[in-house]
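Q: Just dropping this structure here.
The values are calculated or read from the model by the stated rules, or taken from the named source; none is laboratory data. Predicted model, so just to flag it, every value in this text is computed and none were measured. Reconstructed Cβ throughout: ideal geometry from the backbone, glycine too, with neighbour counts over all protein chains shown. These accessible areas exclude ligands, DNA and RNA; they are computed on the full protein's heavy atoms, side chains included. Shrake-Rupley method; radii C 1.70, N 1.55, O 1.52, S 1.80 Å.
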Amino acid sequence: MPAPPAFVRLAGNPVRWQLMSELARSDRRVRELVRLLGQPQNLVSYHLGRLRSAGLVAARRSSFDGRDSYYRLDLAGCTDALAGTGLALHPGLRLAPVAAAAPGRRCRVLFLCTGNSARSPVAEALLRQRAAGQVEVVSAGSRPKPLHANSVRVLREHGIEVAGRPPRRLSDFEGQRFDFVITLCDRVREVCPEFPGPAEQLHWSIPDPAASAGAGQDSYPAFQRMAAELETRIGFLLAVLGASPARVSVEEG
């Protein structure tokens, strides 16, 4: 009899399933996972290592504290693994792509990074484009600076024009109510204030594309990689928004 597929053996372990469940929501550091799971650090690190070896979890060095790392779940990889698991059991068990449903009522999302020049405005524009008017989305930075030319360029590839958009400050939105506050920069996560109401604060640890090769033409591939990662993550975010009723009305903002 054939052995169960690797995904079943990996995800079937209770600790690994808990780790995957937490990382499906937000990128985390080891000490945060230790606290959330209530398990010893050596056990958490062992199971993270198993998931990393299988390619289901990846780590990125923190841009705030280079001694630390953020772990993230490869949701697209999990999709492929689940599809393979179904086919291994029966050829009729195929995963059909499910279009992300728009929320039942408008919700509010805030994207944050340090400069509000690359990651957060690109995320804002991509989510607004895909949300069919059902999401009020804004972005801001803890230390705003002008929109990067490559941000304008990469969004034009997606049919979005943002040239001339002024940067916005994080402090402009403090005290407002959001459904989701998503930090895209390890530095801004450390200074992100608590927001009132039921705001769910998530973290996507995405490298600064402008830091890869300066502000010149050579940095553009990094902007394309950033936009591709954001587009993937936003697709999964829309699935969450479609599955959960919005908790904050636009008027409350």
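Q: For the chain, give the share of DSSP beta bridges that are antiparallel, in percent and rounded to the nearest 5; count only bridges with both residues there.
A: Of those bridges, close to 25 percent are antiparallel.
Q: Under 5 Å between amide H atoms, partner at least 5 residues away or on a different chain: which partners does SER69 have, H built in plane at 1.01 Å?
A: VAL30, SER62
Q: For region 1-75, count all C-alpha to C-alpha pairs, find those more than 16 Å apart, and express that count as a whole percent of the total.
A: Taking all Cα-Cα pairs of region 1-75, the fraction more than 16 Å apart is 46 percent.
Q: Whole Å is fine, so just give me how far the alpha carbon centre of region 126-144 lies from that of region 67-92.
A: 28
Q: Moving on to the next point. When the dipole is taken about the Cα centre of region 1-141, and only Lys, Arg (+1) and Asp, Glu (-1) are charged at their Cβ, what size is it in debye, to the nearest 20?
A: That gives region 1-141 a dipole magnitude of about 120 debye.
Q: Near THR85, within a Cβ-to-Cβ distance under 12 Å, what is the net charge of the other residues, with Lys and Arg +1 and Asp and Glu -1?
A: Cβ neighbours under 12 Å give a net charge of +1.
Q: Say the dipole of region 1-154 comes from +1 at the beta carbon of Lys and Arg and -1 at that of Asp and Glu; which of VAL44, GLN129, ALA81 then lies farthest toward its positive end?
A: GLN129
Q: Okay, moving on. Could you give the accessible area per residue of region 112-154, probe 1.4 Å, as a whole number in Å²?
A: I get 33 Å² per residue for this part.
Q: Cα atoms only: what Rg and Dmax, in Å, come out for region 160-223?
A: 14.6, 43
Q: A follow-up question, please. In a GNM of the chain with a 10 Å cut-off on Cα contacts, which of ARG25, ARG50, ARG72 has the highest mean-square fluctuation?
A: The residue that fluctuates most here is ARG50.
Q: Out of SER151, SER139, SER53, any idea which swings most in a Gaussian network model of the chain, alpha carbons joined below 10 Å?
A: SER53
Q: First obtain the Kirkwood hydrodynamic radius of the chain from its Cα pairs, then insert it into the Stokes-Einstein equation at 25 °C and 0.890 mPa s, and state the resulting D in µm² per second as a whole number.
A: 126
Q: In whole Å, what are the extents of region 113-184 along the principal axes defined by its C-alpha atoms, from largest to smallest?
A: Between the extreme Cα coordinates on each principal axis of region 113-184 lie 34, 29, 19 Å.
Q: If you wrap region 1-136's Cα atoms in a convex hull and average its projection over all directions, what's the area in nm²?
A: With every direction weighted equally, the projected area is 11.2 nm².
Q: Please give the net charge around ALA149, taking every other residue with its beta carbon less than 14 angstrom from that of ALA149, where Lys and Arg add +1 and Asp and Glu add -1.
A: +1
Q: Show me the ranking of peptides 58-67, 182-191 by mean Cβ neighbours inside 10 Å, starting with the highest.
A: Averaged packing, sorted descending, gives the order 182-191, 58-67.
Q: Shifting gears a bit: Using Cα pairs closer than 8 Å and at least 6 residues apart in sequence, work out the relative contact order for region 1-142, in percent.
A: Rounded, it is 17 percent for region 1-142.
Q: Same structure, new question: What number, in percent, do you get for the relative contact order of region 118-190 if the mean sequence gap of Cα pairs under 8 Å and at least 6 apart is divided by its residue count?
A: 32
Q: Of the beta bridges DSSP finds with both residues in region 23-138, what % are antiparallel, to the nearest 5?
A: Antiparallel bridges make up about 60 percent of those DSSP assigns within region 23-138.
Q: Mean separation of Cα pairs under 8 Å and 6+ residues apart, divided by the residue count of the chain: what relative contact order is that in percent?
A: 20
Q: Determine, for each peptide in 5-18, 158-171, 223-236, the mean count of other beta carbons within 10 angstrom over its residues, then list the peptides with the highest first.
A: 223-236, 5-18, 158-171
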